[in-house]
Every structure is written in structure tokens, then in C-alpha cells.
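Novice: Quick one: the structure is below, questions incoming.
The values are calculated or read from the model by the stated rules, or taken from the named source; none is laboratory data. It should be emphasised that the depicted structure is a prediction, and the values quoted were computed from it without experimental measurement. Backbone-built Cβ (ideal geometry, glycine too); neighbour counts: all protein chains shown. Ligands, DNA and RNA are stripped out before the accessible areas are found, and what is left, the full protein with its side chains, is counted by its heavy atoms. Shrake-Rupley method; radii C 1.70, N 1.55, O 1.52, S 1.80 Å.
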Amino acid sequence: MTSGSIVAQITDYANRADPYPLYAELRKTPVRREDDGTYVVSTYYEVRSLANDPRLSNDTSNRPAGHERPGQSAEGGLPPSFIFTDPPVHDRLRDTINRPFGPPHSPRFLDGLRGELAKVVTELLDAFEGKDQVDIVEDFAYPLPVTAICKVLGVPREDEPLFHSWADALASSVDPGSGDSAEKAQRARQELGAYLADLIETKRRHPGPGILSALAPDMTPADLEATAVLLLVAGHETTVNAITNTTLTLLRHPDILERFQKDPELSVPIIEEVLRYEPPVQFVPWTTALADIDIADTTIPKGSPVWLMLAAANRDPRRFEDPDRFDPDRKDNEHLGFYTGIHYCFGAPLARIELHLAVPELFRRVKFSRLLEDPPPYRANAVLRGPRHLPVAIEGLAD
């Protein structure tokens, strides 16, 4: 992509704090061809249509030369995780993984984590006592999802700190502009892979809590390891961003925050509106056309790389009235914050549990004074976009 293109500007860190004017410009051409042959799709109905179109592939092997999927080099010889496969392989793997994770086979598994995760939220907030400023990312949003993913996998609590650094390094490799992070991601991948290989073997011999034990009889070690890596990266970084983006958005909208503090039932529409307004995954840059696709007066040729711009689609005025306004009273909020179609976010139910435990309790207990930086410093990652730090001044903590 040329340095002056709109997409290059979107991936440029200089625009990370507010890419939305660039998305608005992008939507003027719903399907745009970049100089390198990539087709960028930015409007709601077109993104939704293609995300549900079997002619669009997530399979790594279909990527044309020079358009390798971000993070592919960090996989260390593992098979691709199921989100980077197409049916029937995708359907078989996803169905297998879903059996111990959620309905209809294990309807109480995730719900059973609520009590443990609520205790973690309480412990994290208790640590705010006596402080006059905190970093919402480091002190709250970042630790909670690691604990959740480790509980899902069945990782011993004492090993959780290892997963913090691995998640950060691996997530950086998802970014199309993350060339400088490749070595760090590869090293993290090797360390995590060695750890998981040992843990999976232990779970095979001595089953215990978590889905690794449940899946060990039905999946190869390599497929199971790839799944665990996916859950760590996708399940951790997206939830960190969702919690942080919700906190930042509410602090920027004190009128809505005041309503929320008086009525915690607003948690559901507020969180769903944040998923539209500030989605934790901004775009999907790894799909490929398997055939010529006619859409929005444009033909995407077979073999072309395609980027689906979820954050741009979520603010498409053809679909959402006054889309740049944060409005938890919005009706029919069918956003793309967790994607759509067969690749709809596998961890969305867990993420929503974490959000609905964390956000109401954060604003119930913490008396916020002000944001210390606005905009805050953002992560380098353009795909998994969110603040790297969110420093806030606080005036006290309720019981």
C-alpha cells in the first residue's frame, strides 16, 4: 500500500487515537482497490455480506504471494487455528472446541466461572485503596482476561504471570504493520508452545479442570496447542480493549456515566454500544476472494486479498443514525464488534461475562476524578486497537 493511501494512514500510529475521520473518508468508496491489489471494504452492508459469503476465504494457503497473513510467521510450524481455516475443516474444529466451552454441550461451563472472576474483579479493585491515581489498563483491564483465559484452559494460577507477556507479544504480530515485532512474537510463541506442550501432555495423563483436559482425547496436540494460542491472543487482547474502551468512553460522557451509576441495568446497552462505537477489533486483514465477487458496483477478482473494515462499517450512516454519537439508547444495534458469520468471535460469551462483571463494579466502587491523559497513549496495533495505558485520578473507593 502506498504511504499516502487512506489505509496506510489508518495503520499509521499517528492516527491511532482517532482513525474515525479516515474511516469516513474510506466509506466514500465502499470497495476500494489499493495499489498492491488489496480490496478494502468499509460499508456496513458490504462488510456484512462478504463476511457471510463462502467465496471469501480465511484459509492461509489461499493468500497470494506477498500478502501473508499478519502473525503467520510466528506460528512456529503449528497448523493454523480454526479461524484461519474454511469449511469443512473450520466447522469440524470449531464444533469440537465448542463442546466443552458452551451450549448446547456444556451450558454451565462459562456461567460457572462467574464467581471466580467476580472475586478477581474485587481483588483488583481492592488494590486501588489508598491510591489517588491508577492505570485502568495495567491495574484492572489487563489482569482480568488473562485470569479468565487461564481458567478456561486449566492453567495453574501460579503460571498466570507468564501469560501476560506472551499475550502482549503475540497480539502485536496480528498488526499488518508489525514487522518490528516479529522476532519478539516468535520468541514468545516458542516459549508458550513449549509450556503448552507440557501442559497438554499433563492433562492427557491427569485430566483436571479446563477445556484442555476435555479436548485432549479429541484433538491432536498440534491442533490443541494452536487453539490455546488463539484463545490467549484473541480472548485476552480484545477483552482488555473492550474494558478500557468502555471506561474511556464513559469518562468522556459524564451525562451517560451519571445515568449508569444510578441504574446499573444500563450495563447491557452501554457495552453493546461501545462494541459498535469503539470496537476492540478494528478490521480483518486476512481474507481472500476464492472467485470473482461482484459487490457495490465493483468486481473483486479471484485471488485478491480483502480487508473488512469493521470499525468503519459500525459507523456507516446508511445503517446507524448519527453514527458518530455514543448512544446507549440506540435501537436495533446489530453491530459488527464481534464480527459476523461462521467466524463470529468464539469468545464473545466469555468476553461479555467479563465486561458485565468488570464495568458495573468498577464504576460502582471507584470515585473517578478525571482522565490524566486524553487521548491516552495507544497500543501500536492497528487491528486490536485500544489504549496501552489509561491513567486516571481517583478520589476514593467504596466497599
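Novice: I need a count of the residues in the stretch 278-298 that are open to solvent by 30 Å² or more (accessible area, probe 1.4 Å), under 14 Å from ARG32 (Cα atoms) and among the hydrophobic types (A, V, I, L, M, F, W, C).
Specialist: 1
Novice: Now, a different point. Given the condition at pLDDT 90 or above and in a helix (DSSP H, G or I), answer yes or no: does some residue in the stretch 226-235 qualify?
Specialist: no
Novice: So, one more: Determine which member of the set PHE140, PHE163, PHE128 is touching a helix residue (DSSP H, G or I) at 6+ places or on another chain (Cβ under 9 Å) and outside any helix (DSSP H, G or I).
Specialist: PHE128
Novice: Now for a separate question. Residue check, ILE271 against (1) open to solvent by 30 Å² or more (accessible area, probe 1.4 Å); (2) touching a Leu at 6+ places or on another chain (Cβ under 6 Å), all met but one. Which one?
Specialist: (1) is the only condition that ILE271 fails.
Novice: Inspect all residues belonging to the stretch 123-137 and state whether any of them is within 29 Å of THR247 (Cα to Cα), open to solvent by 20 Å² or more (accessible area, probe 1.4 Å), among the basic types (Lys, Arg) and at pLDDT 95 or above.
Specialist: yes
Novice: Looking at PRO19, PRO88, PRO104, which is the one that is on the phi < 0 side of the Ramachandran plot and touching a residue at least 60 places away in the same chain (Cβ under 8 Å)?
Specialist: When all the criteria are applied, what remains is PRO19.
Novice: Given the conditions (1) of a type in the set (Asp, Glu); (2) modelled with pLDDT under 95; (3) surrounded by 21 or more Cβ atoms within 10 Å (Cβ to Cβ), which single one is not true for GLU354?
Specialist: (2)
Novice: Let me ask something additional. Taking the stretch 12-26 as the search range and keeping residues that are among the aliphatic types (A, V, I, L, M) and part of a helix (DSSP H, G or I), which one is most open to solvent (accessible area, probe 1.4 Å)?
Specialist: Checking each candidate, the answer is ALA14.
Novice: Can you tell me which residue is surrounded by the fewest Cβ atoms within 10 Å (Cβ to Cβ) among those in the stretch 27-51 that are under 18 Å from PHE320 (Cα atoms) and charged (D, E, K, R)?
Specialist: LYS28
Novice: Name every residue in the stretch 234-266 that is more than 14 Å from the chain's Cα centre (by Cα), open to solvent by less than 10 Å² (accessible area, probe 1.4 Å) and either hydroxyl-bearing (Ser, Thr, Tyr) or closer than 14 Å to ARG330 by Cβ (or both), in order of residue number.
Specialist: Passing the criteria: THR247, THR249.
Novice: Restricting to the stretch 148-169, and then to whatever is within 17 Å of the chain's Cα centre (by Cα) and open to solvent by less than 10 Å² (accessible area, probe 1.4 Å), can you tell me which residue is nearest to ARG379 (Cα to Cα)?
Specialist: Among those residues, the one meeting the criterion is ALA169.
Novice: If you don't mind, another one. Looking at ILE300, ILE353, ILE295 in this structure, which one is under 18 Å from the mean Cα position of the chain (by Cα) and among the β-branched types (Val, Ile, Thr)? Talk me through it step by step, then tell me what you get.
Specialist: Numbers: ILE300 fails: under 18 Å from the mean Cα position of the chain (by Cα); ILE295 fails: under 18 Å from the mean Cα position of the chain (by Cα).
Testing whether each residue is under 18 Å from the mean Cα position of the chain (by Cα) and among the β-branched types (Val, Ile, Thr) leaves just ILE353.
Yes or no, residue by residue, for (1) over 27 Å from PHE338 (Cβ atoms); (2) touching a strand residue (DSSP E or B) at 6+ places or on another chain (Cβ under 6 Å); (3) among the basic types (Lys, Arg); (4) open to solvent by 40 Å² or more (accessible area, probe 1.4 Å):
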| position | (1), (2), (3), (4) |
| --- | --- |
| PRO360 | no, no, no, no |
| PHE363 | no, no, no, no |
| LYS367 | yes, yes, yes, yes |
| LEU372 | yes, yes, no, yes |
| PRO375 | no, no, no, yes |
| ALA380 | no, no, no, yes |
| ARG385 | no, no, yes, no |
| HIS389 | no, yes, no, yes |
| GLU395 | yes, yes, no, yes |
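Novice: Further, regarding this structure: Answer yes or no as to whether ARG330 is surrounded by fewer than 19 Cβ atoms within 10 Å (Cβ to Cβ), modelled with pLDDT of 95 or more and either in contact with a helix residue (DSSP H, G or I) (Cβ under 9 Å, 6 or more places away or on another chain) or assigned to a loop (DSSP other than H, G, I, E, B) (or both). Even if it seems obvious, please write down each step before you answer.
Specialist: Values: surrounded by fewer than 19 Cβ atoms within 10 Å (Cβ to Cβ): yes; modelled with pLDDT of 95 or more: yes; either in contact with a helix residue (DSSP H, G or I) (Cβ under 9 Å, 6 or more places away or on another chain) or assigned to a loop (DSSP other than H, G, I, E, B) (or both): yes.
Considered against the rule, which asks whether it is surrounded by fewer than 19 Cβ atoms within 10 Å (Cβ to Cβ), modelled with pLDDT of 95 or more and either in contact with a helix residue (DSSP H, G or I) (Cβ under 9 Å, 6 or more places away or on another chain) or assigned to a loop (DSSP other than H, G, I, E, B) (or both), ARG330 comes out as yes.
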